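Data block below; observations after.
The values are calculated or read from the model by the stated rules, or taken from the named source; none is laboratory data. Remember, predicted model here, so these are calculated numbers, not experimental data. Because the Cβ atoms are built from the backbone with ideal geometry, glycine has one as well, and the counts that use them run over all protein chains shown.
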Amino acid sequence: MNLTALHAKVLPSLLGGTSRHPLPGDLIRPSSPNSDGALEMLTLMGQALRFERPPTPESFIVEPEIKDERKIIADGLRRPLIRLLTAKTATEHPGRALARAFDQLRLRPHPFDLPLIDAFIRSNAEKLGPTAQHWADRQKPEAETRSYFDPELLDESSWMQAPLSRRVAYLEERRRDDADAARALLESTWAQEEADARFRLLQVFQTRLSISDQPFLNRLEKDRAQRVRALAARFLARLGAGIENPALGACLERIKHSQSGLLRKRTTLQMELPANVKDQAASRWILETFAELSFGELAGAFKVTEKELIAAAAKDEPLLLALALIATNEGRLDLLELVVAGLPNAWERMFEAGLDTLGTMTESERQRWEEIVVHPYRKDVPTTYSLWDWLYRITDAEAPSSVMSIALHAKLLTKVPEHERGSAPWVEMFAATCPASQRQELREQLTKFDQSQTVIPFALLEILDGMENDRTHV
Amino acid sequence: MALTFERIEALAPDQSSLAAARKLLKPSYWPTLAEGEGLAWGECQGSGATPYRVVINEADTGYKCTCPSRKFPCKHALALMWMRADRSAAFAAATVPDWVKDWLSRRRGTSNSASKTDDEAKPKTRPSIRFTEIPEAEADADPKAEQRAAAIRERNRLEREAAVLAGLEDLDTWLSDQVQHGLANFVAQTAQVCRTIAQRLVDAKAPGLAGRLDALPTRLFTLSGPVRPSAAIRELGQVHLISQAYRRTSELPELLAADARQAVGWSVTREALLNDSQAIRVNAKWRVFAVLSEAQPDRLRRVETWLWRQSAADGMPQCAVLIDFVPISTGAAMGGYLVGDQIEAELSFYRSTIPLRAQINALKRGAEQSSEPLTLPNESLDASYAKYEHALAQLPWLGTIPLSFRAASVRRNGEQLYLYDDESGLSLPMHTSQANHASPLATLDRIDGIGLWNGYEFTLAWAETQLGRWMRS
């Protein structure tokens, strides 16, 4: 009896049951007179199946070719990295710091480690290189995936393929170099963009906004998305070429304009909060009301220069907060510095207001923004964790040296309130944001804490040092 | 063996134990920390008045703690290991105290054997019913007692043989019932029917067959629906084959007869194996290439440590597996070795047509992590599979077996990964649990490696690739 006969004659009987499909009687000699041969057939069939080689699928999936020119992280750092990223950390700061380091140093995780640090990859894919992005997208339908390549290699022909945040950053950079070319690039792809992408890409126009942008902005008055139309209208208003920003009227209603001084009349501005806005909600109301405004519009409304506007608001804290938020929104750090001179607690006030983005600021601008808001606290460093946590969430950057110096020299970690002292979030946060040049000083302060609380911070510092050294040896 | 975080992580029964150990790293919890003779010990102040006494052996990560925790290792032992690994605390050099000596004297022994002579390195025998050593003088003193004991042993053996044979008769009846009802139908109610016959076989003192049938439902349900009925035929066919072979051991070659008896459930104790002069012994360097852990229905965890022979020993087994059973309740998920460890040891193999299972007879050099590649033979997946088929012909109920390969590739079809041999077109479906972890390998061209084939799925354990080494986590 051959294999074909076994399959044809025996297998159906065994599967369906010999009571209904009796086995052919002449196929095998029973092992004993009492046997009907069924169990021998079972054994023979079973062994025959065991010798069958597994079937080969008709086709295999062709894996996409990913051009990833980033260097793979050093072997010696892989295990510590996996250990850290799979450990229970108190905050997200270690993961964010590592993602930043991967991005800045143009390193990438080892492909074999991607499944082991899957959550980290999915949260930070855009900073980890094309291979990681492909991994993060692997569950998505094919239609939603795209080509994977290194964002640093973006050019005008490929920028459409990159993730939105990278495209925004690329357009921002182009806008700084050549505003007209950047606009032309956006115009060429505008019709294919979705509403969210159109809005975010258009935000870039606040960098080097000029009258030559007007024709393009005029066309956007008929855009399908209301927020795109509103943003275009704001830009046009800023250029003095469109209708007045509707938010401006509402804001002006709340600002009391007066003249003061005996010999030389000076403009004085004062904000009057609506009666139904309680003190604790004032900052948030200011953010919501003034978010749509530009410095130029407000100064123009009072027929003063931008600097004169700040001077006019010097004695009114709510109005200074509004100006700080507008300066932040526009990336006008020169003006923010002037505002903060009169509003030394701008950091706390902006935190209360619920500011959640620094817009399209570059990393160096975000660090400069941090310096501006933190420096007034040099002599009295705040010890509220949520304040520092917000600062590093919103800047998503390494702390500037001057800010870290303030924290280290003030021995902030030893001064935090008793219930927060030495708690893991503090030490993790400072380890994650400490610049390389100050890590030794931070380590010395960390040694004073229980080792149980510094395992994660020390491991993080070791890995960051290792990544930087690895990169410098390329 | 150097203590590393990897080893400590692997030893920890769960993440919470590690977290708890981390809290004990503060030196103030440890009024005593000392070291000497390859051991480190300390006293950890717990919630009680008396500190817990903890000792670890760095050579083999052995440990002991006086705390009442049911986790092994407990947080105190883990914390002590941790402090040794990162050298964060000062351990005073000291003579080994009595309580540590006492623990050492009661250990089973491969621990400090790397520094011992061969004779000393031999594991101490544990008392067992069959092999309890009776001093000669004592035996001489009472030969009648020895005869009586031998007679009792023989009577017990015969009673068990009879019980097993009776159980096999019931098994035949049960198998005939399943065949009559149809194996497509069997799959739908496998858990219930297998449990019944497994219990009967336990009563019949055939625990090997009982375990095989008890585990059958789980095994079937790990496979895709369409292949389950044919898998049931394969599995029940093997069960019948074993039962037939057991009844005819006198007609079988000696080694196959030993395989049949082991498959039914006649176990060979460690002491018996180590005292068996006929057992194959291989003295070589061995590399751990896989550690598998599986919870069994009997609330024991079966831990398999797969070893690959790295040094030459012509004609001797190339692979070995050390099998340990630990209670699931302890939380321990692995033995003392990590994948990548290299040891130098003499292994004794259990008698078998295809010798694989072994015990460490003498450990010459403790485990050390090594970056050396595995010395894989220069043969394709197809050639390796042909060896498997040959082995299957020799031992028809052959279980999991290692397959090494050169220049194969990992391919994907939907979510399923395959290990594919370009030359022959042979493709082995990879274990479904590896669909995620091994998927980065699908982007590579050719890989060399080794894995475990159970007749249905291939578990890739180790691969050398152009991106470096990949190991099953």
Within segment A:365-415, helices (runs of 4 or more DSSP H) holding 1 or more residues that are over 23 Å from the mean Cα position of the chain (by Cα) = A:401-409, A:412-415
query = Just to be sure, is B:S473 assigned to a loop (DSSP other than H, G, I, E, B) and of a type outside the set (A, V, I, L, M, F, W, C)?
reply = yes
task = Those residues that are in a helix (DSSP H, G or I) and among the β-branched types (V, I, T), I need them from segment A:435-474; list them, please.
result = A:T454, A:V455, A:I456, A:I463, A:T472
ask   = How many residues does segment A:355-367 hold that are surrounded by 18 or more Cβ atoms within 10 Å (Cβ to Cβ) and free of Cβ contacts under 8 Å to residues at least 60 places away in the same chain?
value = 4
ask   = In segment B:167-177, is there at least one residue being surrounded by fewer than 19 Cβ atoms within 10 Å (Cβ to Cβ), closer than 18 Å to A:L42 by Cβ, more than 12 Å from chain A (Cβ to nearest Cβ) and in contact (Cβ under 8 Å) with a residue 12 or more places away in the chain?
value = yes
task = Say whether the condition of being free of Cβ contacts under 8 Å to residues at least 60 places away in the same chain, loosely packed, with under 15 Cβ neighbours inside 10 Å, in a strand (DSSP E or B) and of a type in the set (A, V, I, L, M) is met by at least one residue in segment B:283-306.
result = yes
message = From the list A:A90, A:A119, A:A101, A:A132, exactly one residue is among the aliphatic types (A, V, I, L, M), at negative phi, touching an Asp or Glu at 6+ places or on another chain (Cβ under 8 Å) and not in a loop (DSSP other than H, G, I, E, B). Which is it?
response = A:A101
remark   = Within segment B:7-54, restricting to residues that are touching a residue at least 60 places away in the same chain (Cβ under 8 Å), within 13 Å of another protein chain (Cβ to nearest Cβ) and not in a loop (DSSP other than H, G, I, E, B), the one that is nearest to A:K448 (Cα to Cα) is B:P27
query = Is it the case that A:L209 is in a loop (DSSP other than H, G, I, E, B), modelled with pLDDT of 80 or more and buried (at least 18 other Cβ atoms within 10 Å of the Cβ)?
reply = yes
task = For residues that are part of a loop (DSSP other than H, G, I, E, B) and either farther than 17 Å from B:P13 by Cα or within 14 Å of chain A (Cβ to nearest Cβ) (or both), tally how many sit in segment B:61-93.
result = 6
ask   = Out of (1) among the acidic types (D, E); (2) over 20 Å from the mean Cα position of the chain (by Cα); (3) modelled with pLDDT under 95, what's the single condition that is false for B:D421?
value = (3)
note = A:T91 passes all but one of the listed conditions (1) in contact with a Leu (Cβ under 7 Å, 6 or more places away or on another chain); (2) more than 14 Å from every other protein chain (Cβ to nearest Cβ); (3) of a type in the set (V, I, T); the exception is number (1)
task = Just name the residue that is farthest from the other protein chains (Cβ to nearest Cβ) out of those in segment A:135-149 that are part of a loop (DSSP other than H, G, I, E, B) and at pLDDT 60 or above.
result = A:R146
ask   = Out of all the residues in segment A:4-19, which are more than 8 Å from chain B (Cβ to nearest Cβ) and within 15 Å of A:A48 (Cα to Cα)?
value = A:T4, A:A5, A:L6, A:H7, A:A8, A:K9, A:V10, A:P12
task = May I ask you to list the residues in segment B:426-436 that are modelled with pLDDT under 95 and within 7 Å of chain A (Cβ to nearest Cβ)?
result = B:N436
Complete set of residues in segment B:449-459 that are within 12 Å of chain A (Cβ to nearest Cβ) and either among the basic types (K, R) or buried (at least 23 other Cβ atoms within 10 Å of the Cβ) (or both) = B:F458
request  = Please find, among B:P13, B:P51, B:P68, the residue that is at pLDDT below 85, more than 20 Å from B:W103 (Cα to Cα) and not small (G, A, S).
outcome  = B:P13
Residue identified as touching a residue at least 12 places away in the same chain (Cβ under 8 Å) and facing chain A (nearest Cβ under 8 Å) among B:S404, B:S473, B:S409 = B:S473
request  = Specify the residue that is nearest to B:T432 (Cα to Cα); the eligible residues are those in segment B:460-470 that are touching a residue at least 60 places away in the same chain (Cβ under 8 Å) and either more than 9 Å from chain A (Cβ to nearest Cβ) or in a loop (DSSP other than H, G, I, E, B) (or both).
outcome  = B:A461
request  = Give segment A:46-78 a look and list any residue that's surrounded by 14 or more Cβ atoms within 10 Å (Cβ to Cβ), more than 7 Å from chain B (Cβ to nearest Cβ) and either more than 30 Å from A:L14 (Cβ to Cβ) or of a type in the set (S, T, Y) (or both), or say none.
outcome  = A:I66, A:D68, A:R70, A:K71, A:I72, A:I73, A:A74, A:L77, A:R78
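Pick from B:L356, B:L392: which is touching a Cys at 6+ places or on another chain (Cβ under 7 Å), buried (at least 16 other Cβ atoms within 10 Å of the Cβ) and either at pLDDT 90 or above or among the basic types (K, R) (or both)? Give the steps one after another, and end with the answer.
On the way: B:L392 fails: touching a Cys at 6+ places or on another chain (Cβ under 7 Å).
Of B:L356, B:L392, the one residue that is touching a Cys at 6+ places or on another chain (Cβ under 7 Å), buried (at least 16 other Cβ atoms within 10 Å of the Cβ) and either at pLDDT 90 or above or among the basic types (K, R) (or both) is B:L356.
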inquiry  = Of everything in segment B:16-36, what is closer than 26 Å to A:R83 by Cα, surrounded by 15 or more Cβ atoms within 10 Å (Cβ to Cβ) and of a type in the set (S, T, N, Q)? Give them in sequence order.
reply    = B:S17
query = Can you pull out the residues in segment B:366-416 that are among the charged types (D, E, K, R) and within 20 Å of the chain's Cα centre (by Cα)?
reply = B:E368
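Restricting to segment B:199-215, count the residues that are part of a helix (DSSP H, G or I), surrounded by 23 or more Cβ atoms within 10 Å (Cβ to Cβ) and hydrophobic (A, V, I, L, M, F, W, C).
Counting residues in segment B:199-215 that are part of a helix (DSSP H, G or I), surrounded by 23 or more Cβ atoms within 10 Å (Cβ to Cβ) and hydrophobic (A, V, I, L, M, F, W, C) gives 4.
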query = Just one of B:R446, B:R472 is modelled with pLDDT under 95 and buried (at least 17 other Cβ atoms within 10 Å of the Cβ); which is it?
reply = B:R472
